[in-house]
Amino acid sequence: MSKEKVVKKNIALLAGGNSSERTIALQSAVQISMSFDVEKYNVWLIDVYKNRFIYRENGVEYDVDLNDFSIKKGDQRIKLDYAYVMIHGTPGEDGHIQGYLEMMGIPFSSCDMVSSVITFDKVTTKRTVADAGIPLAKEILLRRGDVVDSEQIVSQLGLPLFVKPNASGSSYGVTKVKSVDELPAAVAAAFEESSEVLVEEFIAGREVACGILVTSEKELLLPITEIIAKNEFFDYEAKYTAGMSDEITPADLDDELVERLNQLTLAAYKACRCRGLVRVDFIVTPEGVPYMIELNSIPGMSAGSIVPKQIAAAGMTIKEVLSMVIEDSLCNQ
């Protein structure tokens, strides 16, 4: 008896983007492009830049037709069935891509548009998870044009403190401020990345990262990673330069703390109505209290990224996890 022929899905692996994180997103996409199940999926790596969706093959560029989400190659037209979103920053994490895909009826891997808008905006994320009982650092939100009263900010939040763009990632524009005099320059640097700036109190402790994927069948809480940066904090250099941080997976944490972190990670995921593979970062104080730092709705998947190491520590493969994400969203979107 002959086997029934499997009709493969055409997966658009959307990468790149318009933000400072473009290079990292492309690296992540190239890394995972080799990990999809080739018996189920044809993968088309699409570079999203400005107003173009570009597929490249043998030095030739083909634009994706956004009217029907297809690639035209000569007389051939390839209809793309699904989008795996691997874009950090805009337009991949801020809801823009998701809005287009939802309008077109294209199933996709990440949080939906509403959830993406919430999780890309740091202060909105904090407001959303606060009711879930998740400890959070105190903050002040600055908008472009606001008068920055450095003395007043320091009197409210103390020193040191962190200044960060309200809508950005990969630690671009983030500064650890140790004196009042450093604050204006730090705020200016953050405004280079975002129209709003978050100034937060400093929470001393151990930094940990918690990967999570919830499907209709299971809640997958990945082994937790402790991040020990060799710089002042886990900045861009510490994240992406070999040897500038130690990332220990699984982290050396007692069972009670692991359980608490898992509870808070799941609570944040559900409060923000997340979907797909997400990473939630915390600072754990010496007293054992986890303070949530941020939620990454499209975590990095490059060779040096945290989540792939967590997947390996869980005894799983990236191929398994990608298939879980795709099959669940195909069934539930």
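Computed values, structure above
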| read-out | value |
| --- | --- |
| Residues that are assigned to a strand (DSSP E or B) and among the charged types (D, E, K, R), drawn from segment 34-63 | Asp47, Arg52, Arg56, Glu57, Glu61, Asp63 |
| Residue in segment 65-81 that is touching a helix residue (DSSP H, G or I) at 6+ places or on another chain (Cβ under 7 Å) and either in contact (Cβ under 8 Å) with a residue 60 or more places away in the chain or not assigned by TED's automatic domain parsing to the domain that holds Leu13 (or both) present | no |
| The listed residue being in a loop (DSSP other than H, G, I, E, B), hydroxyl-bearing (Ser, Thr, Tyr) and more than 28 Å from Ala313 (Cα to Cα), out of Ser216, Ser194 | Ser194 |
| Flag for Ile78 being surrounded by fewer than 21 Cβ atoms within 10 Å (Cβ to Cβ), modelled with pLDDT of 95 or more, under 23 Å from Leu322 (Cα atoms) and of a type outside the set (Phe, Trp, Tyr) | yes |
| When residues of segment 193-219 are limited to those that are in contact (Cβ under 8 Å) with a residue 40 or more places away in the chain and over 30 Å from Pro286 (Cβ atoms), the one nearest to the chain's Cα centre (by Cα) | Leu213 |
| Among (1) within 22 Å of Arg279 (Cα to Cα); (2) free of Cβ contacts under 8 Å to residues at least 40 places away in the same chain - the single one Tyr62 does not satisfy | (1) |
| Asp37 being touching a helix residue (DSSP H, G or I) at 6+ places or on another chain (Cβ under 6 Å) and either modelled with pLDDT under 90 or not polar (S, T, N, Q) (or both) | yes |
| Residue check for Asn67: modelled with pLDDT of 95 or more and not in a strand (DSSP E or B) | yes |
| Residue match in segment 2-25 (condition: surrounded by fewer than 15 Cβ atoms within 10 Å (Cβ to Cβ) and small (Gly, Ala, Ser)) | yes |
| Some residue of segment 92-108 being outside the structural domain of Asn166 (by TED's automatic domain parsing), hydroxyl-bearing (Ser, Thr, Tyr), at pLDDT 95 or above and within 21 Å of Leu213 (Cβ to Cβ) | no |
| Qualifying residue in segment 121-141 (condition: under 23 Å from the mean Cα position of the chain (by Cα), part of a loop (DSSP other than H, G, I, E, B) and closer than 30 Å to Tyr82 by Cβ) | yes |
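Results for (1) among the hydrophobic types (A, V, I, L, M, F, W, C); (2) out of contact with any strand residue (DSSP E or B) (no Cβ under 6 Å at 6 or more places or on another chain), shown as yes or no for each residue.
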{"residue": "Val284", "(1), (2)": "yes, no"}
{"residue": "Gly288", "(1), (2)": "no, yes"}
{"residue": "Ser305", "(1), (2)": "no, yes"}
{"residue": "Lys309", "(1), (2)": "no, yes"}
{"residue": "Thr317", "(1), (2)": "no, yes"}
{"residue": "Val321", "(1), (2)": "yes, yes"}
{"residue": "Asn332", "(1), (2)": "no, yes"}
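The values are calculated or read from the model by the stated rules, or taken from the named source; none is laboratory data. Values in this document were obtained by computation on a predicted structure and should not be read as measured data. Ideal geometry is used to build each Cβ from the backbone, glycine not excepted, and the neighbour counts take in all protein chains shown.
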